[in-house]
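Below is one structure, written out as structure tokens; the observations come after it.
The values are calculated or read from the model by the stated rules, or taken from the named source; none is laboratory data. Note that the coordinates shown come from a computational prediction; the quantities given were computed from them, not determined experimentally. As a convention, Cβ positions derive from the backbone with ideal geometry for all residues, glycine included, and neighbour counts pool all protein chains shown.
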Amino acid sequence: MTIKIQEVITRDGFQMEKKFIPTETKIKLIDELSECGFSKIEITSFVSPKVVPQLSDADIVAQAIKRNKDVSYVALVANLKGAERAIDANIDEINLVMSASATHNMKNVNQLHEQSLDGFRNIMKLIKGSAIKVNGSIATSFGCPFEGSISEELILRIIDDYLEMGMNSITLADTTGMANPVQVKRLVNKVKLEIDEIPLSLHFHNTRGMGLANVLAAIEAGASQFDSSLGGLGGCPFAPGATGNICTEDLVHMLDQMGINNSANLDRLINISKKLPNIVGRNDLPGQVVKSGKITDLHEF
């Protein structure tokens, strides 16, 4: 089994950054990441510029990047208008997100579950017959800071709704970093029993320091696709205390050291990650390997 890694820095990683990152910088970064062995790169989000100013250049970014035929270029879409923009920008895959937590969904998109699902159905009708694939993400799959525990049966029902609409893949997202390895293994096992033929991805945040442990638990349960963000950037703007995604280079370093096959080139990632402080204008990035070096980087005695 080869672990596929899906990079999300220029969408999830950048969306909370206060300093606007120049469009040209985003394009150059995506072009560099396109040569690092990722199966997917979530490049941007087609949402209102008023809501996420950092991604107001989505249309330009999506149309200006150099496409690698081995990479699927993904964009998060919030509504029908966003889907129309994604189509015009020749996006390979759109990512639709609904929170399992009704409270978080209301805070995030100001919609009830059925309203979100109705919107997704309209988007699916819009893209029917096109080559665009659709991934259905379930945010707060492992817990909500407002509601607490999330029913596993609810997750399975949402997956059923997504598949009934014709979505091509599913992502379970630990949006607020509340998952633990035992919980992850249990839920992934249950989900894979239901959708073993449908691609399943995991999206972990490292809010409480369990991100990579959760990856290993998911792998033990048979998962093989994971979202991550270079430098560990990112976080949910609607969750108290939320911090970044699991760090891409830390994830790849762990997999390499454990002898677990994966698709990414660690040395290239580290070299790119070293540029991030200049890009985002701060040095307090969560990634560890870029600071300490690889385990194999020996020093003179």
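Annotations
- Selection within region 264-286 - in contact with a helix residue (DSSP H, G or I) (Cβ under 6 Å, 6 or more places away or on another chain) and modelled with pLDDT under 95: N283, L285, P286
- Going through (1) buried (at least 18 other Cβ atoms within 10 Å of the Cβ); (2) in contact (Cβ under 8 Å) with a residue 40 or more places away in the chain; (3) hydroxyl-bearing (S, T, Y); (4) over 30 Å from D256 (Cβ atoms) one by one, S116 falls short only on (2).
- The number of residues in region 54-85 that are crowded, with 19+ Cβ neighbours inside 10 Å, part of a strand (DSSP E or B) and not hydrophobic (A, V, I, L, M, F, W, C) comes to 1.
- Residue that is modelled with the lowest pLDDT [pool: residues in region 4-22 that are of a type in the set (A, V, I, L, M) and within 15 Å of the chain's Cα centre (by Cα)]: M16
- Note on region 23-53: residues that are modelled with pLDDT of 95 or more and either assigned to a loop (DSSP other than H, G, I, E, B) or surrounded by 21 or more Cβ atoms within 10 Å (Cβ to Cβ) (or both) amount to 17.
- Looking across region 86-102, the residues that are among the β-branched types (V, I, T), touching a strand residue (DSSP E or B) at 6+ places or on another chain (Cβ under 7 Å) and outside any loop (DSSP other than H, G, I, E, B) come down to I94, V97.
- Where a residue in region 123-150 is under 19 Å from G82 (Cα atoms) and touching a residue at least 24 places away in the same chain (Cβ under 8 Å) and its partner, wherever it lies, is polar (S, T, N, Q) and surrounded by fewer than 17 Cβ atoms within 10 Å (Cβ to Cβ), with Cβ under 7 Å and at least six apart: K133/N168; V134/N168; N135/N168
- Taken as a whole, the condition of being among the aromatic types (F, W, Y) and without any contact (Cβ under 8 Å) to a residue 60 or more places away in the chain applies to F20.
- Subset of region 159-197 [at pLDDT 95 or above and either β-branched (V, I, T) or part of a strand (DSSP E or B) (or both)]: I159, S169, I170, T171, L172, A173, D174, V182, V184, V188, V191
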